[in-house]
1. Relative contact order for region A:2-193: what is it in percent, counting Cα pairs under 8 Å that are at least 6 residues apart?
2. Leaving ligands, DNA and RNA out of it, report the carbon-plus-sulfur percent of the accessible area of chain B at a 1.4 Å probe.
3. What lysines could a cross-link reach from residue A:52, if we take a straight Cα to Cα line under 18 Å and drop same-chain neighbours fewer than 8 places away?
4. Using a 1.4 Å probe on the protein heavy atoms only, what accessible surface does residue A:73 show? Give it in Å² to the nearest 10.
5. Probe radius 1.4 Å, ligands and nucleic acids left out: can you give me the accessible area buried at the A-B interface, summed over both chains, in Å² to the nearest hundred?
6. Which whole-number percent gives the relative contact order of region B:2-92, counting Cα pairs below 8 Å spaced six or more residues apart?
7. So how tilted is helix A:171-197 from the main axis of chain A? Cα-based, degrees 0 to 90, rounded to 10.
8. How big is the gap, in Å, between the Cα center of region A:129-167 and the Cα center of region A:40-98?
Amino acid sequence: MGYILERVRQYIEISNALEIVRRYFVINAFDGAVTILGAVMGAYISGINTPKALINMGFSVSIALAMSGFTGSLLMELAERGGEVKELEKRLFRKLDNSLITEAHNFASLVAALVDALSPAVVALTATVPFILAYMGIMVMADAFKASILITLTFTALLGFYLGRISKTRVWLYTAAMVGAGLLTAALSLMLEGAFHS
Amino acid sequence: MTEEYEEGEAVITRVVIDVMKPRELPLIDLASALCLVDGVDEVHIIVSEVDVKTETMKITVAGNSIDCDELYKTLEDYGCALRSTDEVVAVRK
């Protein structure tokens, strides 16, 4: 166990995985929040009012976000890091297959892909929970819509706060910008409703 | 006298090698890994040249009976390129 942990520490240090994973986490969790907010608003203005439809939509959106995140970032990271390793091989005049360097970069690609897949999916699934409660009869649909939107906006606020903490300046500005993007999405969706009704 | 020599065994007690490593590989990790090679007691690393992606260094390995194959294998596993072996000390035991 100690050996595995030591190897993982080396992989993280060599591949600079923490920084890239942190970026992926914030970008994709935000992506997941805004996507599910858009989907929920779309359902709301379209008058889709059955919990089952919204649960199916929430799960489908989560699966799509996870699949897109995993495939996209795994292939991108492998390509990007593979290119870097090839460049390094030229300078070292040797192949780096099966070396710690290649293992570290493959590890970072896989971890980045998993984070890229899970962060938006978890956010989207959490925003679907109120509709599951509505399906179980614990909540009425009007409240489920409000709760789902509130959950999504809370995620955007938390992500903004987290970014502010990372930047070590203007926490409120990052929080406001992230929440603002969520509110703008909701507002534009509502305007869409007006446009198609007139 | 000749028989006495035949009974002896040569062991490597010091090796100085010129190695190029990827910059992203921490020097401390490499030194620690080399220190764990069979027969190694001490590892000294001096970086002599720094490039954007690589570092060239002089590694001095000392011990009572250095397993050179394992030493070179460790360097290979850590993604280093052995450029030359500059000094070797062998003693008869």
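1. Across region A:2-193, relative contact order equals 32 percent.
2. Its accessible area is 49 percent carbon and sulfur atoms.
3. Counting by Cα, and skipping residues close in sequence, residue A:52 has these lysines nearby: A:146.
4. It works out to around 0 Å².
5. 1400
6. The normalised contact order for region B:2-92 reaches 46 percent.
7. It works out to around 50 degrees.
8. Region A:129-167 and region A:40-98 have Cα centres spaced 23 Å from each other.
The values are calculated or read from the model by the stated rules, or taken from the named source; none is laboratory data. In this text, all values refer to a predicted model and were calculated from it rather than measured experimentally. Surface accessibility is based on the protein's heavy atoms, side chains included, excluding ligands, DNA and RNA. Shrake-Rupley method; radii C 1.70, N 1.55, O 1.52, S 1.80 Å.
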